[in-house]
Amino acid sequence: MTESIAPPTTTRRESRTTQDLAKVAVSGWLGTAMEFMDFQLYSLAAAIVFNKIFFPDVSPVIGLIAAMATYGVGYVARLVGAVYFGLMGDRIGRKKVLFITIALMGASTTLIGVLPTYAMIGIWAPILLVALRLIQGFGAGAEIAGATVMLAEYAPARRRGLISSLVCLGTNSGTLAASALWAILVSVLPEDQLLSWGWRVPFLASFVLMIFAVWIRRSLKESPVFEQRADVVDGVALSKAEIAKQESAQQETARPETVRATATTANPAVPDLAGTSTIEAALHQRKGKAFLIALGLRFGQAGNSGLIQTFLIGYLATVLLVDKSVGTTAIVYGSLLGFITIPIMGLLGDRFGRRPLYLVLSTLTALFAIPMMLMVTSGNTTLITIAIVAGLNLGVLSLFAMESVTMAEFFGARTRFTQLALAKEVGGILATAIGPLLAATLTAVTGHWWPLAAMLVGYSLITLVAAVVGPEVRGRDMVRLEDAV
C-alpha cells in the first residue's frame, strides 16, 4: 500500500509507503525515548550514587552539588547541539543528522557505564564524566527536534497532529524505563553492590536500545519535504550566495520564459530560481516573529513541566513532609495516563485545529492552578495524587502533544530544523531550568504555596497570549520555505 505523504508540489514529487512512515514513527519514538531515558538515568545516578563514586573526597553536600553540576552542563551542550545540528539538518537533510545524534547519545551513555571511578584513576574520573555528559547533551540538543521535524514532514496533513504526537510518547517511555531500572536496582541490591557495579547496569543496558535505533535509522528514507524543497539541489540546500549567483547567471542569459521553463522541466534537478517566488519569499522574509510565538507556546509546557515534575515533588517531601513515594508515584500514574492523553490531543488538534486547543488547554491550566495547589497542600494522599496526575496531563503532556506538530508547521522548510531546535532548547532553559530555582526562592521567602500557583498561571498566560497572536497552521504546506508569520 502506497500513500502520498508530503503535500503536492510542482517539482520533484516524491511518495513514501506507509511502511516508510511506520519506520520514521518508530525511529522518532525510540530516539526520544533514548534521549529522556539517558537524561533520567543520569539525573537519578547523580542524586543516588555519583557523589560517592566520582566525588568521594568532599563532604556529602558538596559531592551532591558537584554531581548535579555535571548534570547541568548537559543543558549547555544541548543548546550548542541545537544550533550545530539544526543548521546541518536544514542544509544536508534530516536523516543524516538523526543518525549522528542517536549515535552520539547512545555511545556516550554506554561509555558512562564503563567509566573508571575516582578510586581507580582519581580526578580523571569526574573529568571524563563531564566530557561524556557534554557529548551526550550535544547530541540530545537536536534529537527531539529532528524527530519531530521528520515525522511532521512525513505525515499526511489530515493526520499530522496524531502522528507527530508519537514523538511525545517517547518521553514517557524513556522516563518510565529509567525510573523502573533504578527502582529495581535500589530495592534489590545492597548499597555496596550498587556502588561497586550495580550503577553501571542501566547505562550498559541503553546500548541495546541504541543498536536497535541505529539499525532502524540506517534504513530510513530522507524526508520527502526536504527532497521537494525548491532550494535543494543534489541533496544539499543552496546557500543565499549560491542562489544569488544562479539568479544572476540566469538573468544574464536573458532567455525567453518559455525556453527557461522548458529547460527547467527537462532538468528538474536545477530549480527555476529566477521564476520561483517561494525562494524569494523565504530569503527576504523578516525572521523572528514565528520564533517568538513558538517560544511563547513552549513556555507553558516547559515551565509547567519544571514545576510539576521537578520542583513540586521535592516540595512535597521537604516542605510539606509528605512521604517521598507519594509524589513519584503520582508522576508514574500521570505518565501512564499520558499514553492515552497524548494521541487524543493529536487527534483533537487534527479535528479542531491547533489554535483552539492551545486556547482551551492554557486557559484550563491557569484556572486549575489554585485548586491544584489546594489539593496538594491538603495532606490527603488521594487528593495529592489526583492533583499531580491532572496537572501533568493537562498542563504538560497535552501541550507537549500540540507543541510537536504546531512548532513544525510554524516554521518554513528552509530553517525548520534550526528554529524548532532553538525554540525547544531556549524555552527549556528559561522555563524548565530556571523555573524550579525561582519557585524555591519564592516559596522560601514567602513560606507559602501561592508563588507556585502564580507561576503556573503566568506560564499558562504566556502560552495563551502566544496562541492568541499566532495563526492557525493546521494542514499547512510543509514544503513552503517561508515561516507562517
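The values are calculated or read from the model by the stated rules, or taken from the named source; none is laboratory data. Everything numeric here is computed off the predicted structure, so don't read it as measured data. Note that we place each Cβ from the backbone using ideal geometry, even for glycine, and neighbour counts take in every protein chain shown. In case anyone asks, the SASA skips ligands and DNA or RNA and just uses the protein heavy atoms, side chains included. Shrake-Rupley method; radii C 1.70, N 1.55, O 1.52, S 1.80 Å.
Per the listing 122, 113, the residue uniquely within 21 Å of residue 54 (Cα to Cα), open to solvent by less than 10 Å² (accessible area, probe 1.4 Å) and out of contact with any Ser or Thr (no Cβ under 6 Å at 6 or more places or on another chain) is 113. Residues of segment 372-416 that are open to solvent by 10 Å² or more (accessible area, probe 1.4 Å), in contact (Cβ under 8 Å) with a residue 12 or more places away in the chain and closer than 18 Å to residue 315 by Cα: 375, 377, 379, 381, 385, 389, 390.
Among the numbered conditions (1) over 27 Å from residue 343 (Cβ atoms); (2) in a helix (DSSP H, G or I); (3) more than 23 Å from the chain's Cα centre (by Cα), the only one that residue 183 does not meet is (1). Among residues belonging to segment 211-229 that are out of contact with any Gly (no Cβ under 9 Å at 6 or more places or on another chain), open to solvent by 20 Å² or more (accessible area, probe 1.4 Å) and touching a residue at least 60 places away in the same chain (Cβ under 8 Å), point out the one that is nearest to residue 106 (Cα to Cα). Among those residues, the one meeting the criterion is 212.
Are any residues in segment 288-330 aliphatic (A, V, I, L, M) and within 19 Å of the chain's Cα centre (by Cα), and if so, which ones? Spell out the reasoning first.
Start the filter on segment 288-330 by keeping residues that are aliphatic (A, V, I, L, M), which leaves 290, 292-295, 297, 302, 307-308, 312-313, 316-317, 319-322, 326, 330.
Correct list: 290, 292, 293, 294, 295, 297, 302, 307, 308.
Of the residues making up segment 89-109, those that are in contact (Cβ under 8 Å) with a residue 40 or more places away in the chain, in a helix (DSSP H, G or I) and closer than 20 Å to residue 414 by Cβ are 89, 90, 91, 92, 94, 95, 97, 98. Looking at segment 354-374, is at least one residue outside any helix (DSSP H, G or I) and not basic (Lys, Arg)? No, segment 354-374 has no match at all. Any idea which residue in segment 148-179 is modelled with the lowest pLDDT, counting only those that are over 21 Å from residue 220 (Cα atoms) and open to solvent by 30 Å² or more (accessible area, probe 1.4 Å)? Only one residue tops the list, namely 179. State whether the residues of segment 323-332 include one that is farther than 18 Å from residue 422 by Cβ, open to solvent by 20 Å² or more (accessible area, probe 1.4 Å) and outside any helix (DSSP H, G or I). Within segment 323-332, one or more residues are farther than 18 Å from residue 422 by Cβ, open to solvent by 20 Å² or more (accessible area, probe 1.4 Å) and outside any helix (DSSP H, G or I). Against the criterion of being within 22 Å of the chain's Cα centre (by Cα), open to solvent by less than 40 Å² (accessible area, probe 1.4 Å) and hydrophobic (A, V, I, L, M, F, W, C), residue 145 qualifies. Answer yes or no: is there a residue in segment 24-37 that is open to solvent by less than 20 Å² (accessible area, probe 1.4 Å), touching a Phe, Trp or Tyr at 6+ places or on another chain (Cβ under 8 Å), hydrophobic (A, V, I, L, M, F, W, C) and over 20 Å from residue 224 (Cα atoms). There is at least one residue in segment 24-37 that is open to solvent by less than 20 Å² (accessible area, probe 1.4 Å), touching a Phe, Trp or Tyr at 6+ places or on another chain (Cβ under 8 Å), hydrophobic (A, V, I, L, M, F, W, C) and over 20 Å from residue 224 (Cα atoms).
Scan segment 303-318 and give yes if some residue there is open to solvent by 30 Å² or more (accessible area, probe 1.4 Å) and modelled with pLDDT of 85 or more, otherwise no. No, every residue in segment 303-318 fails to be open to solvent by 30 Å² or more (accessible area, probe 1.4 Å) and modelled with pLDDT of 85 or more.
Per-residue answers, yes or no, for (1) farther than 16 Å from residue 415 by Cα; (2) out of contact with any Lys or Arg (no Cβ under 8 Å at 6 or more places or on another chain); (3) modelled with pLDDT of 90 or more:
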position	(1), (2), (3)
71	yes, no, no
77	yes, no, no
80	yes, yes, yes
111	yes, yes, yes
130	yes, yes, no
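Could you grab me the full set of residues in segment 230-245 that are surrounded by 17 or more Cβ atoms within 10 Å (Cβ to Cβ) and in contact (Cβ under 8 Å) with a residue 40 or more places away in the chain? Answer for segment 230-245, where residues must be surrounded by 17 or more Cβ atoms within 10 Å (Cβ to Cβ) and in contact (Cβ under 8 Å) with a residue 40 or more places away in the chain: 230, 231, 237, 243. Pairing residues of segment 432-449 that are in contact (Cβ under 8 Å) with a residue 24 or more places away in the chain with residues that are open to solvent by 40 Å² or more (accessible area, probe 1.4 Å), at Cβ distances under 8 Å and at least 6 apart in sequence or on separate chains, gives 432/310; 433/75; 436/310; 443/319; 443/449; 449/377. Within segment 298-309, no residue that is among the β-branched types (Val, Ile, Thr) sits with its Cβ atom under 6 Å from a residue that is surrounded by fewer than 24 Cβ atoms within 10 Å (Cβ to Cβ) and modelled with pLDDT under 90 at 6+ positions apart or across chains.
May I ask you to verify whether residue 85 is in contact with a helix residue (DSSP H, G or I) (Cβ under 6 Å, 6 or more places away or on another chain), surrounded by 20 or more Cβ atoms within 10 Å (Cβ to Cβ) and modelled with pLDDT under 90? So residue 85 fails the test. Being open to solvent by less than 40 Å² (accessible area, probe 1.4 Å) and either of a type in the set (Asp, Glu) or within 26 Å of the chain's Cα centre (by Cα) (or both) is the filter here, so list the residues in segment 441-456 that pass it. Within segment 441-456, 452, 453, 455, 456 meet the criteria. Please work out if residue 427 is part of a helix (DSSP H, G or I) and open to solvent by less than 20 Å² (accessible area, probe 1.4 Å). Yes: the conditions hold for residue 427.
Test residue 192 against the stated conditions and say whether it is farther than 25 Å from residue 416 by Cα, out of contact with any helix residue (DSSP H, G or I) (no Cβ under 6 Å at 6 or more places or on another chain) and either touching a residue at least 40 places away in the same chain (Cβ under 8 Å) or surrounded by fewer than 22 Cβ atoms within 10 Å (Cβ to Cβ) (or both). Before the answer, list the steps.
Working: farther than 25 Å from residue 416 by Cα: yes; out of contact with any helix residue (DSSP H, G or I) (no Cβ under 6 Å at 6 or more places or on another chain): yes; either touching a residue at least 40 places away in the same chain (Cβ under 8 Å) or surrounded by fewer than 22 Cβ atoms within 10 Å (Cβ to Cβ) (or both): yes.
When the stated conditions are applied, residue 192 passes them.
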